[in-house]
Amino acid sequence: MNINVGTVNRKLLVVFVVSVAAILWLRFGLLSDRTTPSVTVVETIPQAEQRLQKLRLAAATVGGKEESLKKAAAELAEREKGVLQAPTEAQAQALLLETLDNLAKGDGIAPQGGDFHDKPLTKDYGEISVTVRFACGIEQLVNLMADLADQPQILATNDVRISGGYDKKKNIQVLLTVSSVVARKLLPEKKEGTLF
């Protein structure tokens, strides 16, 4: 019989690897400890009853909280009717200028210009402003201010500069800045700059 030592070593190595694999499979596969951890009861009956009572109280207040939420949402919607509604900042500015122009023309005033400014007020609201120039009689300016106050939008007069007129009708020269509240998302994000 002619036995080659290299062949025997390879056969022994294969048998050894297969044996080790079988042992590991039996140990960790079939015979592994598969017990689930048990949960111990820490709560006593009086504690469970107190917890149940708290849950019942919380469930009983849900209806009242929902009613309060509905009232708050309705009040917010009513208050936000005064917020100038527009899809973009440019459209909000145009709407503010158009409102001011229409009111001024109704009082016989022809405004000129339209310099726009914006600034954030809170995390939800911002302010847009428009500055116009015009000449008018003092009674026309008073009527315009009254008309601005009667608008459904939240309009405010930020700045009024009046100088004397030089014509025979004694008209005054007015520089008027009017602002309105808009949704904060319309305003461009101000980026923090560096000094250098």
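The values are calculated or read from the model by the stated rules, or taken from the named source; none is laboratory data. Note that the structure is predicted; figures quoted are calculated from it, not measured. Don't worry about glycine lacking a Cβ; one is built from the backbone with ideal geometry, like all the others, and counts go over all protein chains shown.
Pairs linking a residue in segment 128-145 that is assigned by TED's automatic domain parsing to the domain that holds Asp167 and crowded, with 16+ Cβ neighbours inside 10 Å to a residue that is of a type in the set (S, T, N, Q) and outside any strand (DSSP E or B), with Cβ atoms under 6 Å and 6 or more positions apart or on different chains, are Ile128/Gln93; Ala135/Asn171; Cys136/Asn171; Gly137/Asn171.
Are any residues in segment 66-89 part of a helix (DSSP H, G or I), of a type outside the set (Asp, Glu) and either farther than 29 Å from Val181 by Cβ or within 20 Å of the chain's Cα centre (by Cα) (or both), and if so, which ones? Break it down stepwise before answering.
Within segment 66-89, the first condition is being part of a helix (DSSP H, G or I), and the residues that meet it are 66-82, 89.
Subset that is of a type outside the set (Asp, Glu): 68-74, 76-77, 79, 81-82.
Once the filter is applied, which keeps residues that are part of a helix (DSSP H, G or I), of a type outside the set (Asp, Glu) and either farther than 29 Å from Val181 by Cβ or within 20 Å of the chain's Cα centre (by Cα) (or both), segment 66-89 yields Leu69, Lys70, Ala72, Ala73, Ala74, Leu76, Ala77, Arg79, Lys81, Gly82.
Could you count how many residues in segment 35-65 are part of a loop (DSSP other than H, G, I, E, B), modelled with pLDDT of 80 or more and of a type in the set (A, V, I, L, M, F, W, C)?
Filtering segment 35-65 down to residues part of a loop (DSSP other than H, G, I, E, B) leaves 35-44.
Checking the rest, the ones that are also modelled with pLDDT of 80 or more come to 44.
From the residues that got through so far, the ones that are of a type in the set (A, V, I, L, M, F, W, C) too are none.
Of the residues in segment 35-65, 0 are part of a loop (DSSP other than H, G, I, E, B), modelled with pLDDT of 80 or more and of a type in the set (A, V, I, L, M, F, W, C).
No other residue among Lys54, Lys81, Lys65, Lys70 is over 28 Å from Gly137 (Cβ atoms), in contact (Cβ under 8 Å) with a residue 24 or more places away in the chain and not hydrophobic (A, V, I, L, M, F, W, C) apart from Lys81.
Go through segment 107-141 and give me each residue that's within 22 Å of Leu187 (Cβ to Cβ) and assigned to a loop (DSSP other than H, G, I, E, B).
Keep residues of segment 107-141 that are within 22 Å of Leu187 (Cβ to Cβ), which gives 113-132.
Result: Leu121, Thr122, Lys123, Asp124.
When Ala149 is tested against (1) among the hydrophobic types (A, V, I, L, M, F, W, C); (2) surrounded by fewer than 17 Cβ atoms within 10 Å (Cβ to Cβ); (3) in contact with an Asp or Glu (Cβ under 6 Å, 6 or more places away or on another chain), just one condition goes unmet, and that condition is (3). Sub-8 Å Cβ pairs linking a first residue in segment 146-158 that is on the phi > 0 side of the Ramachandran plot to a second residue that is surrounded by 13 or more Cβ atoms within 10 Å (Cβ to Cβ), at least 6 apart or interchain, number zero. One residue stands out in segment 152-186 among those that are under 41 Å from the mean Cα position of the chain (by Cα) and among the small types (Gly, Ala, Ser): the one that is surrounded by the fewest Cβ atoms within 10 Å (Cβ to Cβ), namely Ala156.
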